[in-house]
Amino acid sequence: MTKHIAHLLLRRFQLLALILAAFILIALGWQGVRVQEALLTSNAAVHKHLETITLIQAFQTTLLDLETGERGYVITGQPAYLLPYQQARAKIEDKLNRLMQLTALTEINIGRLESFDVLVARRIQIAEDNIAVRESDGMEAAALRLLAAGGRQTMDHLRGHLNVLEQREREYLNTQTQKATRQAHQSRWLWGAGAAFVALLLMITSMSIISQWRHRQRIMTMQQTFVSTVSHELRTPLTVILGALDMLHSGIDGSLNNDAQRLVAVANSNGQRLKRLIDDILDIEKLESGQLTFQWQLVSLKSLVELAVAINQPYAANFGVSLIFGSSVLTPPFSNALAEPIEDSDLVEVDPERFAQVMANLISNACKHSPQGGDVQVNARRVDSRWFEVSVSDNGNGIPLQFQPRVFDRFAQADGSDRRRTGGTGLGLAITKALVEEMRGTIGFDSEPSKGSCFWFRLPIISNT
């Protein structure tokens, strides 16, 4: 009871661990999506601030070109200085609008930008007035105006505004960069911790499953060893008992009365049945462990089937059943109309003794489930260019539909009113299937309730050349 509870708790722990691991993976995926969105947002903000800083620096360069062109023309009177002034004058309005758009979302800069807009307009007006005085009144009047108009002071105010604005943008840029770095570090640690925890859960679950598997393997090995050992230990005394019963039955120690003979016959029959059970158990254990040896030979399939039918004729007679071989005599209810009869020269590579065991199991099974006076038909045919097929058909009650998936299982027996009459260990068909597969063949059956059954197996064709 305690082991059952512990096993149940362990199974629940495994299920809980797998659910928790799946939940953590989903949470990590969701967190990864959030981090990715946050990084994209930070990247967009960084790009915006970098663009703003670049525009501020370009605006400073444009103002410098405006001032240089104005002063150069006022001092020298050469029209060549008007070219950088005119180029700066053409660009300054567009750059100012772009700068105001980029920084419009920063509330702290709104007042400064409004003042900045006034200062830019004033500086442009001063420059235009100075150039107009130079053209109309000459250099001296223009030089006096240049000193008194306040152009330098306005330019200093503009530079101050731009420096403050650039400094703020750099602070914002630094903040966004630090935020992105912090999110990346948090995501890395979160993913690392989550992956380590999931790996730990999976490792614990895997170790638990492996431990359970090894435990089951040990139990199966112990069961197989126990069954094999008991079977071997039973075989020796059973052989002695059967020998003693045969001696009593033969009258070696004197004749027995009828009652004694009947008791000896019953004991001998049950002893033989127990011996068959032990032999079946040993055979299936050897098959599963790969210890059953096969003596491979190239043999005529037709001769093997004919020999099997002849050997099992007495067994069929005990059940009052006719055992028939040859597709020309009867057509089985589940036969393939396109199949061809086999010839004496058709060869298969099998162990003749194991083949005889397969045939004995199928024929005995058909005889047990056939009514008295019924027929068991054995057929052999060429199905196609690759396979021979041997079938054993009966006209009994058929196999119940609910039992058909378990026909070849060990110790499987369908419930029926004639179980006591038919007997059997439930191992014959399991052994038959294993033997056929060892001989590189396949096995199956067709059955309909109240219409009988047809068990068939196929073996690969061996060319007689």
| said: How large is the translational diffusion coefficient of the chain in µm² per second when you combine the Kirkwood radius over alpha carbon pairs with Stokes-Einstein at 4 °C and 1.567 mPa s? | reply: 39 µm²/s
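Would you list T432, T76 from fewest to most Cβ contacts within 10 Å?
Going from sparsest to densest Cβ surroundings: T76, T432.
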| Net charge dipole size for the range 2-211 [Lys, Arg +1 and Asp, Glu -1 on Cβ; Debye, nearest 20] | 1580 debye
| task | Return one number: the angle in degrees, 0 to 90 and rounded to the nearest 10, between the long axis of the Cα atoms of helix 139-148 and the longest principal axis of the Cα atoms of the chain. | result | 60 degrees
| said: Name the residue from H369, V348, L28 whose Cα lies farthest towards the positive end of the charge dipole of the chain, charges +1 on Cβ of Lys and Arg and -1 on Cβ of Asp and Glu. | reply: L28
| request: Could you sort out which of K286/K368; K275/K451; K91/K179; K302/K451; K275/K302; K275/K433 sit more than 24 Å apart by Cα distance in this structure? | output: K286/K368; K275/K451; K91/K179; K302/K451; K275/K302
| request: Could you tell me how many degrees, from 0 to 90 and to the nearest 10, lie between the Cα long axis of helix 301-311 and the main elongation axis, the longest principal axis, of the Cα atoms of the chain? | output: 50 degrees
| request: Work out the charge dipole of the range 2-211 with +1 on the Cβ of Lys and Arg and -1 on the Cβ of Asp and Glu about the Cα centre, then indicate which of L39, Q176, L55 is farthest towards its positive end. | output: L39
| message | To the nearest 20 Debye, how big is the dipole of the chain about its Cα centre, given +1 on the beta carbon of each Lys and Arg and -1 on that of each Asp and Glu? | response | 1400 debye
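A132: net charge of surrounding residues, Cβ under 14 Å, Lys/Arg +1, Asp/Glu -1, itself excluded?
Its environment carries a net charge of -2.
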| said: Helix 428-438 against the longest principal axis of the chain: what's the angle in degrees, Cα atoms only, rounded to the nearest 10? | reply: 60 degrees
| task | Once you have the Cα-Cα distance between M207 and Q402, take 0.36 nm times their residue separation minus that, and quote the gain in nm to one decimal. | result | 66.4 nm
| field | Cβ crowding within 10 Å averaged over residues, with 83-92, 363-372 ranked highest first | value | 363-372, 83-92
| field | Rg over Rh [alpha-carbon atoms, Kirkwood Rh] for the range 118-183 | value | 1.36
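Read-outs: derived from the displayed coordinates by stated rules, not from any lab. In this text the structure is predicted, and so the values were computed from the model without any measurement. Cβ sites come from the backbone with ideal geometry, for glycine too, and all protein chains shown count toward neighbours.
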